[in-house]
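The values are calculated or read from the model by the stated rules, or taken from the named source; none is laboratory data. Being a predicted model, the structure only gives us computed values, none of them experimental. FYI the Cβ positions are ideal-geometry reconstructions off the backbone, even for glycines, and counts take in every protein chain you see.
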Amino acid sequence: MNSRSMTTVMSALWLISGLAVAADKFDPTEDALNFISKMKVGKYDWPQWGGSPHRNNTPPGKNIPFEWNLETGENVLWAAPLGSQTYGNPVIANGKVFVGTNNTHGYLKRYPSKIDLGVLLAFEEKTGKFLWQASSPKLPTGRVHDWPQQGICSTVFCDDTRLWYNTSRGEVVCLDVEGFHDGENDGPYKAEPNQNKDEADIIWRYDMMGDLGVSQHNMCSCSITCVGDKCFVITGNGVDEGHINIPAPNAPSFICLDKNTGKLLWTDKSPGINVLHGQWSSPCVFEAGGRQQVVMGGGDGWLYSFDPEGDGKGNAKLLWKFDGNPKESLYVLGGRSTRNHLISTPVFYDGYVYVGMGEDPEHGEGNGHLYCIDPTKDGDISLELAVDDKGKEIPHRRLRAVDTTKGEKAIPNPNAGAIWHYDVVDRNKNGKKEFEETMHRTMGSVAIKNDLLFVTDIGGLVHCLDAKKVEDGKPVVYWTHDMFSAAWGSVLIVDDKVYVGDEDGDITVFELSNKLNVLAENNMINSLYTTPVVANDTLFIANKSTLIAIKEGAKLKGGVKQGSTEDGGSE
């Protein structure tokens, strides 16, 4: 049976099971609220990337505006200045908003704006008032480990009085959400340079570079998640400045820490010498097939699932792995590569895992792949296996799994776990591979609701698919929309609307429908590299330099002024 026939058979089975599941009316918003209800945060807070460990950005919300005007302040509650480059997504919990950026605004007197730092900022949720800043001085090794002006690129996890995040220095840090406003220096870490109210109070800090020998490439941007007492992290271990050698092949790519103490519980170095570039994905945790799983995207283009408990001896316990690249794909520097790795975060929806392949956007829009995966299988569940000219399976290789000039080939994997694979769907049936029928590289995670899946790509397309229906071995693609500008972030689905930002600084709002209906396009003045989120019926958007809170009926006097030093406020 060839791979196309096998995919068709799997798709038929998926369609049958999908129809049965549809009767249950799975609601990802209720799914997220169930997780949030077990945390010590507000009922309608959004306390981590994707709201829950399932990572599906579908928060609750009522009367969320789909039109606003930053110049006049219509529907703008407040705006707070950030640095000049912002990649970290806002998180809202217990009356505060947390977002990562750089230091060009210079909130702290001891760190004026000319000093380059990675910073995490805390604001008051209702007013946008600045509360405190966590500062991460740049690493002395320079851009290979800590790219200038990029700041904090990760998104925090917040629960109760603490938050956890990855710094630009390759550290996992636990902070007191009150900073020093509570008049206490919580420990065990007590070595803060001061206890000023506008600075962070560190609870504990784990140095992945110093303690594990990790050599992160450009930045450490994993948005960690915690389940129970465990904190799951992708370390960022990558290539050197020449983009060829891996300085620390034996350093772990995936780790688990005790979230209360920072103690290392287990590690895994599966990508090893096969890391293509960097490792900038984030973990997803769920239960499927009667077992808990933590799924992490590797810099080798493989998706790995582990038992969250590890093997009890300090090592990971692998459940399954999935190669997101065709075996004949080739990795080369620049835009000519057909081989990708994982930057987006895997999303768990109604029993299945969804993930797209990507690359550094400087390497071009390239060939993209999007998958739906059955996580109940074990072992290697890739679509294909690589074998040599004698039919013997070939060990994992970095640049190319199969070299056909040597008689090697890819064969269907009888244990394949891919339900469907989206790269190209010829919707107009003209036999041509057209731009708007193609999935390009993506850094964005999917968002799914009502079985409608939305995803962005670096080419500037927004894709709308049916998460369950399959025809001729391919998912049903309802529509694509060209924003004519690259999309770095992910999708927000809320209040029966879909929000997508782009590098030109526009937020396009669509109806949540399998018919293309653009409701509005709102200019955000500056480029968008983050994802919109909603908490407590307020829309939060961070463009490159400003955090903006949008709420129906609000009116910000004077509008939004980029680079303003005012805390903000509304009337």
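Kindly indicate which of VAL470, VAL500, VAL494 is aliphatic (A, V, I, L, M) and within 17 Å of the chain's Cα centre (by Cα).
After applying the criteria, what remains is VAL500.
Every residue, every condition in (1) without any contact (Cβ under 8 Å) to a residue 60 or more places away in the chain; (2) of a type in the set (A, V, I, L, M, F, W, C); (3) in contact with a Gly (Cβ under 6 Å, 6 or more places away or on another chain), yes or no:
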{"position": "CYS464", "(1), (2), (3)": "yes, yes, no"}
{"position": "LYS469", "(1), (2), (3)": "no, no, no"}
{"position": "ALA486", "(1), (2), (3)": "no, yes, yes"}
{"position": "VAL491", "(1), (2), (3)": "no, yes, no"}
{"position": "LYS497", "(1), (2), (3)": "no, no, no"}
{"position": "ASN522", "(1), (2), (3)": "no, no, no"}
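Got at least one residue in segment 284-297 being in a loop (DSSP other than H, G, I, E, B) and surrounded by 24 or more Cβ atoms within 10 Å (Cβ to Cβ)?
no
Failed condition for LYS515, given (1) within 25 Å of PRO361 (Cβ to Cβ); (2) part of a loop (DSSP other than H, G, I, E, B); (3) in contact with a strand residue (DSSP E or B) (Cβ under 9 Å, 6 or more places away or on another chain); (4) modelled with pLDDT of 95 or more, with all others met?
Here LYS515 meets the rest and fails (1).
Mind counting the residues in segment 428-469 that are touching a Lys or Arg at 6+ places or on another chain (Cβ under 6 Å) and of a type in the set (Lys, Arg)?
Residues meeting the conditions: 0.
Looking only at residues in segment 370-404 that are among the hydroxyl-bearing types (Ser, Thr, Tyr) and within 27 Å of THR438 (Cα to Cα), which one is surrounded by the most Cβ atoms within 10 Å (Cβ to Cβ)?
SER382
Yes/no per residue for (1) within 24 Å of GLY95 (Cβ to Cβ); (2) of a type outside the set (D, E, K, R):
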{"site": "ILE152", "(1), (2)": "yes, yes"}
{"site": "GLY170", "(1), (2)": "no, yes"}
{"site": "GLU178", "(1), (2)": "yes, no"}
{"site": "HIS181", "(1), (2)": "yes, yes"}
{"site": "GLU192", "(1), (2)": "yes, no"}
{"site": "ASN196", "(1), (2)": "yes, yes"}
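If a residue must be of a type in the set (A, V, I, L, M, F, W, C), in a loop (DSSP other than H, G, I, E, B) and over 14 Å from ASP211 (Cβ atoms), how many such residues does segment 240-269 contain?
Summing the residues that are of a type in the set (A, V, I, L, M, F, W, C), in a loop (DSSP other than H, G, I, E, B) and over 14 Å from ASP211 (Cβ atoms) in segment 240-269 gives 2.
Can you tell me which residues in segment 111-138 are more than 20 Å from GLU171 (Cβ to Cβ) and among the charged types (D, E, K, R)?
Those that are more than 20 Å from GLU171 (Cβ to Cβ) and among the charged types (D, E, K, R): LYS114, GLU124, GLU125, LYS126, LYS129.
Could you tell me which of the residues ASN218, ASN196 is in contact with a Phe, Trp or Tyr (Cβ under 7 Å, 6 or more places away or on another chain), at pLDDT below 95 and not basic (Lys, Arg)?
ASN218
Name the single residue, out of those in segment 37-48 being touching a strand residue (DSSP E or B) at 6+ places or on another chain (Cβ under 8 Å) and closer than 20 Å to ASP229 by Cβ, that is surrounded by the fewest Cβ atoms within 10 Å (Cβ to Cβ).
LYS40
For segment 207-251, which positions are farther than 18 Å from ARG143 by Cα and in contact with a Leu (Cβ under 6 Å, 6 or more places away or on another chain)?
Once the filter is applied, which keeps residues that are farther than 18 Å from ARG143 by Cα and in contact with a Leu (Cβ under 6 Å, 6 or more places away or on another chain), segment 207-251 yields CYS231, ALA251.
Here is a yes/no grid of residues against (1) under 25 Å from GLY278 (Cβ atoms); (2) charged (D, E, K, R):
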site: ARG143; (1), (2): yes, yes
site: GLN149; (1), (2): yes, no
site: SER168; (1), (2): yes, no
site: PHE180; (1), (2): no, no
site: ASP240; (1), (2): yes, yes
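Tally up the residues in segment 492-542 that are more than 19 Å from GLY459 (Cα to Cα) and acidic (Asp, Glu), please.
So the answer is 4.
When you look at CYS220, is it assigned to a loop (DSSP other than H, G, I, E, B), closer than 26 Å to TRP320 by Cα, in contact with a strand residue (DSSP E or B) (Cβ under 8 Å, 6 or more places away or on another chain) and in contact (Cβ under 8 Å) with a residue 60 or more places away in the chain, yes or no?
Criteria met by CYS220.
Could you tell me how many of the residues in segment 60-74 are out of contact with any Leu (no Cβ under 9 Å at 6 or more places or on another chain) and under 18 Å from ASN523 (Cβ atoms)?
Within segment 60-74, residues that are out of contact with any Leu (no Cβ under 9 Å at 6 or more places or on another chain) and under 18 Å from ASN523 (Cβ atoms) number 2.
Could you list, in sequence order, all residues of segment 529-542 that are surrounded by fewer than 24 Cβ atoms within 10 Å (Cβ to Cβ), part of a loop (DSSP other than H, G, I, E, B) and on the phi < 0 side of the Ramachandran plot?
TYR529
Hey, SER564 hits all of (1) assigned to a strand (DSSP E or B); (2) modelled with pLDDT under 95 but one; which does it fall short on?
(1)
For segment 298-308, which positions are touching a Lys or Arg at 6+ places or on another chain (Cβ under 8 Å) and either crowded, with 21+ Cβ neighbours inside 10 Å or in contact (Cβ under 8 Å) with a residue 40 or more places away in the chain (or both)?
Selection gives ASP300, GLY301, TRP302, LEU303, TYR304, SER305, PHE306, PRO308.
For segment 77-181, give me every one of the strands (runs of 3 or more DSSP E) that falls completely inside it and has 2 or more residues that are closer than 23 Å to PRO193 by Cβ and hydroxyl-bearing (Ser, Thr, Tyr).
130-137
From the set of residues in segment 238-264 that are crowded, with 18+ Cβ neighbours inside 10 Å and touching an Asp or Glu at 6+ places or on another chain (Cβ under 8 Å), which is farthest from ARG398 (Cα to Cα)?
By that ranking, first place goes to LYS259.
Would you kindly identify the strands (runs of 3 or more DSSP E) lying entirely within segment 431-509 that contain at least 2 residues that are surrounded by fewer than 21 Cβ atoms within 10 Å (Cβ to Cβ)?
461-471, 474-482
What is the residue count in segment 148-190 for residues that are over 19 Å from the mean Cα position of the chain (by Cα) and aromatic (Phe, Trp, Tyr)?
2
Name the single residue that is farthest from PRO28 (Cα to Cα) among those in segment 405-425 being surrounded by 15 or more Cβ atoms within 10 Å (Cβ to Cβ) and charged (D, E, K, R).
For segment 405-425, the residue satisfying everything is GLU408.
Say whether the condition of being aromatic (Phe, Trp, Tyr) and closer than 19 Å to VAL285 by Cβ is met by at least one residue in segment 47-56.
yes
Among the residues of segment 46-64, are any under 24 Å from the mean Cα position of the chain (by Cα), more than 21 Å from ASN166 (Cα to Cα) and aromatic (Phe, Trp, Tyr)?
no
Would you pick out the residues in segment 114-124 that are more than 23 Å from the chain's Cα centre (by Cα) and either closer than 15 Å to GLY236 by Cβ or buried (at least 16 other Cβ atoms within 10 Å of the Cβ) (or both)?
Once the filter is applied, which keeps residues that are more than 23 Å from the chain's Cα centre (by Cα) and either closer than 15 Å to GLY236 by Cβ or buried (at least 16 other Cβ atoms within 10 Å of the Cβ) (or both), segment 114-124 yields ASP116, GLU124.
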